Amino acid sequence: MHFAGDTESALVFAASLVNTARGGAELLPDQGELTRFLDADHWTGRRDGTREELTAVRALRPRLRKFWEAAGVDDAVEVVNTLLLESGARPRLTRHDDLGWHLHVTADDSPLVDRMAAEAAMGVLDLIRTDEFSRLRWCEAPDCEAVFVDLSRNRSKRYCDTGNCGNRAHVAAYRARKSGA
């Protein structure tokens, strides 16, 4: 299954945002790091650059993590609907930069956290309505708690991209095979 670019972008961003708070580490320690994080993902629109904005973004992470913690689609639907309602989502088509036509679901001057919540909810909404919710995954490395979105064609991705989990798992399996031989 191939998803629209804005859907994939929203899903990958949601996973990345969730992964900025894992294992007791704070990967968004200050507004400067939040700015770098947003710039890397080419976020447009309003940014207040305040401590309150950073606090609101950090508070959104556990709410987005609920998508990965959901017992099933019905639980995820509840989170989607709540985020869309609270963010004041009002979908519209737009184009800017080199992106061509794509969907924005809040006004560009809406608070950053509302735009983030709405974009993530719309991405998960697409997974649900296309019966692809199972693409939200946890990294299978035993020492990792990162989340990711499996966008591979055959739904075979097992490890996150936040560390070197896949390589470490493959090296460990290779060493285990060698020591058993």
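The values are calculated or read from the model by the stated rules, or taken from the named source; none is laboratory data. These numbers were taken from a predicted model, which means no experiment stands behind them. Positions of Cβ are backbone-derived with ideal geometry, glycine not excepted, and every protein chain shown enters the neighbour counts. The accessibility values were calculated without ligands, DNA or RNA, using every heavy atom of the protein model including side chains. Shrake-Rupley method; radii C 1.70, N 1.55, O 1.52, S 1.80 Å.
Below are the figures for this structure:
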quantity	calculated
Selection count where residues are at pLDDT 90 or above and under 19 Å from A14 (Cβ atoms), scope the range 139-169	14
Residues satisfying the stated conditions in the range 51-70, i.e. farther than 15 Å from L11 by Cα and open to solvent by less than 50 Å² (accessible area, probe 1.4 Å)	E53, L54, A56, V57, A70
Close pairs (8 angstrom Cβ cut-off, 6 or more residues apart or separate chains): surrounded by fewer than 12 Cβ atoms within 10 Å (Cβ to Cβ) in the range 24-40, at pLDDT 95 or above and aliphatic (A, V, I, L, M) anywhere	D30/L54
Failed item in (1) modelled with pLDDT of 95 or more; (2) over 13 Å from the mean Cα position of the chain (by Cα); (3) of a type in the set (A, V, I, L, M), with A25 passing the rest	(1)
